[in-house]
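The values are calculated or read from the model by the stated rules, or taken from the named source; none is laboratory data. Please read these numbers as outputs of a predicted model, since none were measured by experiment. Here the Cβ positions follow ideal geometry from the backbone for every residue, glycine too, while neighbour counts run over all protein chains shown.
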Amino acid sequence: MRIVILGTGAGGGLPQWNCGCPNCKAARAGRIPSMTQSSIAVSANGTDWALVNASPDLRVQMQAVPALAPAELRGSPIRSVLVTNGDIDHVAGLLTLREGQRFDLFATPAIHGVLADNPMLAALDPRLVARRDVALDQPFDLAPGLSAELFAVPGKVPLYLEGEAVETEVMGEQTVGVELTANGRRVLYVPGCATVPDWLRQRASGVDALLFDGTLWTDDEMVRAGLGAKTGRRMGHVPVSGEGGSLGAFDAVPLSRRIYVHLNNSNPLVDPASPERARAEADTSRPVREVEVVTPLAAADADPVLRRAAVVGDAVCAVRDLVNTAPSHLYPATFADAVAEDLADSSVSVDVWDEDRLRAELGLDEPPPVVLDVLQAPERTSRARTQVAGRRFFGWPSKVWERHGHKDARYVVRGAEGKTDGLQGASGRAASAGPPARAAPAVPEAPGPSTPPPAHSS
């Protein structure tokens, strides 16, 4: 299943044409992304597409998706449109699809009744656009290979149909969610919902993705911002945060991904740098329950390959984390602790030489010792020499020299035979060994003279 989120904004989008709130100002200035109004496109095969809701911004939304472009002189890959309620921001885009193109228009009988009462929508030629009534809780084919099932969610009638008495948690055909199924995947799309009852949490359990109503962060945010007198619940939208909010309601529900759609311009979630956005993203991050790997190998052959890949992946991630750690937080002692912790459950033994052990081994009192790691192929010479390949040297800055030069440079003992006043490269350049270190792993055995030269590393 392939889903393209065409728009994530509530009615008016971001920026809203007549709104000067901080978020709209930031969007106009380019400091935060703009948003078109809520709508998605779905396909099971990547060729035949269905729209779920038709926003007023539909033309520009489709223009941004190459898969929705015509493949011939006249035509469209859009096979159907499904409408979840009669709100203007979900049906106005139908007028964009009036240019003599065949497709099926799916909705509940109640929503079809609302659409039929709008004379402008008669521009959708009934000889080309078939009106398909959909019963609740009955699966139907929305597009080739794509099944859909509508279910009632708590909501209210569109604003333009409200009477004197407003019910905000009506259960019926006026406001519905849709369950999409294709290729073994299951997705719930609920762009409008007034509450989160237990049965909805149960239905969302185990889905591959939940696209849910995120209109307002707090119930009274529009009132506090001076943008209106209505709360979110009065408008038929459950808030994201707070008591009874969707963030907490779905927190314990096992699902692969939760995505908030239908965001109002007042919602701090529209700002990628807001604390509310960080909280929502943190709350929705969960360990992966299952990874599906598609491979031409037989299961018995693939298993050891995947196990090795997992080991390499873990190692790469560990090194990445170490490399990206600031030097002020990663010094020799903490590095040694990290290595020891990572290897605690392995067959590799770690021997950490702290300052006390280094002093004891070297028979010295001060200053703190340094550690120099040298990898260099031994080279025969008539002069006194020392083999340094694969050895780790411990000593004082005045006694240890770091090689600077080409890969084939050699270390020799300067001075009389058998003395080790210093180690210096054949290039004649030398430098101190560097800053003090607190710990190091055990010293490996040096290879003999017959060992092939290793790649240079220092």
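Selection of the range 49-104 for residues being closer than 24 Å to Phe151 by Cβ and out of contact with any helix residue (DSSP H, G or I) (no Cβ under 8 Å at 6 or more places or on another chain) yields Ala50, Val52, Arg79, Ser80, Leu82, Asp89, His90, Asp104. Kindly evaluate Trp217 against the criterion of being in the same structural domain as Thr108 (by TED's automatic domain parsing) and in contact with a Pro (Cβ under 6 Å, 6 or more places away or on another chain). The answer is yes for Trp217.
Would you please name the residue that is farthest from the chain's Cα centre (by Cα), looking only at residues in the range 20-35 that are surrounded by 19 or more Cβ atoms within 10 Å (Cβ to Cβ) and not small (Gly, Ala, Ser)?
Once the filter is applied, the top-ranked residue is Cys24.
Conditions tested, residue by residue: (1) aliphatic (A, V, I, L, M); (2) more than 24 Å from Gly13 (Cα to Cα).
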position: Arg28; (1), (2): no, no
position: Met35; (1), (2): yes, no
position: Val52; (1), (2): yes, no
position: Asp57; (1), (2): no, no
position: Arg79; (1), (2): no, yes
position: Asp89; (1), (2): no, no
position: Glu99; (1), (2): no, yes
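Per this entry, Ser256 is not counted among residues that are among the small types (Gly, Ala, Ser), touching an Asp or Glu at 6+ places or on another chain (Cβ under 9 Å), over 22 Å from Val4 (Cβ atoms) and outside any strand (DSSP E or B). When the residues of the range 244-283 are filtered to those that are hydroxyl-bearing (Ser, Thr, Tyr) and touching a residue at least 60 places away in the same chain (Cβ under 8 Å), the one that is surrounded by the most Cβ atoms within 10 Å (Cβ to Cβ) is Ser266. Determine if the range 46-64 includes at least one residue that is surrounded by fewer than 21 Cβ atoms within 10 Å (Cβ to Cβ) and more than 30 Å from Pro109 (Cα to Cα). Yes.
Among the residues of the range 180-234, the one identified as under 18 Å from Val4 (Cα atoms), more than 21 Å from the chain's Cα centre (by Cα) and hydroxyl-bearing (Ser, Thr, Tyr) is Thr181. Scanning the range 65-87 for residues that are among the hydrophobic types (A, V, I, L, M, F, W, C) and surrounded by fewer than 17 Cβ atoms within 10 Å (Cβ to Cβ), we see that the one that is nearest to Cys193 (Cα to Cα) is Val65.
Number of residues in the range 325-359 that are surrounded by 11 or more Cβ atoms within 10 Å (Cβ to Cβ) and either within 30 Å of the chain's Cα centre (by Cα) or assigned to a helix (DSSP H, G or I) (or both): the value is 17. Candidates are the residues of the range 78-104 that are of a type in the set (A, V, I, L, M, F, W, C) and part of a strand (DSSP E or B); the one that is nearest to Pro139 (Cα to Cα) is Leu82. Each residue in the range 24-73 was checked for being out of contact with any Lys or Arg (no Cβ under 7 Å at 6 or more places or on another chain), in contact (Cβ under 8 Å) with a residue 12 or more places away in the chain, in a loop (DSSP other than H, G, I, E, B) and not small (Gly, Ala, Ser), and 9 pass.
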